[in-house]
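Only one structure is covered here, and it is reproduced in the block below.
The values are calculated or read from the model by the stated rules, or taken from the named source; none is laboratory data. Keep in mind it's a predicted model, so treat the numbers as computed, not measured. Cβ: placed from backbone, ideal geometry, glycine included. Neighbour counts: every protein chain shown.
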Amino acid sequence: MDLHGKSVVVTGGNSGIGAAIVRSLAAAGAAVVIDYVSRPEDAADLVKDIVAAGGRAIGVEADVTTTAGIDKLIGTAVDEFGRLDAFVNNAGVEMRHSLLDVDEETFAKVMAVNLTSAVFGTQRAAKRFIQQGTGGVVVNVSSVHEDWPMPGNLSYCVSKGGMRMLTRTAGVELGPQGVRVVSVAPGAVDTPINAATMKDDALRQKLENSIPLRTVAEPSEIGDVVAFVISDAAKYMTATTVFVDGGIMHGSVGL
Ligand code: BGC
């Protein structure tokens, strides 16, 4: 994968899948803006590793639930690296509850972080690509639950289902302007979002038994697919979702 000369923003880039995406992109030669809202030391560690390996990266504190936060990230990419080639809407939270239990505040929080941020991240990045006249790529980090109902995980499923149509609608709208929009949909990945399951042997075993490939993903296995989607090797891919789930969607129930 060759991403030399490309400048990319990754939201929620300092932890979990986001950090793995940052590492994969930098390893392929991209200059990366690493967004974070907490744990600045994790972003600083990533920057240190990438710079030590001869790459380029910068950490930026920005709340992507506001357009001001998103604009700050894009502005940094342009100021530091001269341009923007891709924007990865990765920031996300998961707060599990059933439809019967969910309250307005919790629902609004999940929608703001997972979906509203992605809508305006896509909008702002697309405006920049069009202004540059270069085209560009938006990657939406979705989930198998964009399409696969999970009882007890209502807000998360609704947000990822919305992201599914964001990718398709924006991809169709922006295709004529050379802007691609693609979702990458992981299944179960060994990240902080799944920490409770991973720590409990019985739960972890149950989860792994429901995955045809019989193991949860390493974050790097998602990061590498995002690097591929951004690269020119995927230049005919838009308005669609790449599932990277070990087959879990066709296994039994989500865990
Ligand atoms: C969720 C995980 C879950 C996996 C498979 C992911 O989107 O974040 O908590 O284990 O889907 O159900």
Pick from region 53-70, criterion assigned to a loop (DSSP other than H, G, I, E, B) and among the small types (Gly, Ala, Ser), ranking: surrounded by the most Cβ atoms within 10 Å (Cβ to Cβ): 62
Residue within region 227-248 that is on the phi > 0 side of the Ramachandran plot, in contact with a Pro (Cβ under 8 Å, 6 or more places away or on another chain), within 13 Å of the ligand (Cβ to nearest atom) and of a type outside the set (Phe, Trp, Tyr) present: yes
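For region 167-179, state whether one or more residues are modelled with pLDDT of 95 or more, within 11 Å of the ligand (Cβ to nearest atom) and buried (at least 18 other Cβ atoms within 10 Å of the Cβ). Can you show your working first?
First pass over region 167-179, keeping only residues modelled with pLDDT of 95 or more: 167-179.
Then drop every residue that is not within 11 Å of the ligand (Cβ to nearest atom), which leaves none.
Within region 167-179 (the criterion being modelled with pLDDT of 95 or more, within 11 Å of the ligand (Cβ to nearest atom) and buried (at least 18 other Cβ atoms within 10 Å of the Cβ)), the answer is no, since none of the residues qualifies.
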Residue 78 being in contact with a Leu (Cβ under 7 Å, 6 or more places away or on another chain), in a helix (DSSP H, G or I) and surrounded by fewer than 19 Cβ atoms within 10 Å (Cβ to Cβ): yes
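Please verify whether region 208-220 includes one or more residues that are in a helix (DSSP H, G or I) and within 15 Å of the chain's Cα centre (by Cα). Break it down into steps so the answer makes sense when it comes.
We begin by selecting, within region 208-220, every residue in a helix (DSSP H, G or I); these are 208-209, 219-220.
Narrowing the set further to residues that are within 15 Å of the chain's Cα centre (by Cα) leaves 219-220.
Yes, there is a match, as at least one residue in region 208-220 is in a helix (DSSP H, G or I) and within 15 Å of the chain's Cα centre (by Cα).
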Which listed residue, of 3, 25, 84, 73, is touching a helix residue (DSSP H, G or I) at 6+ places or on another chain (Cβ under 7 Å) and in a helix (DSSP H, G or I): 25
Members of region 170-192 that are closer than 24 Å to residue 232 by Cβ and assigned to a helix (DSSP H, G or I): 170, 171, 172, 173, 174, 175, 176, 177
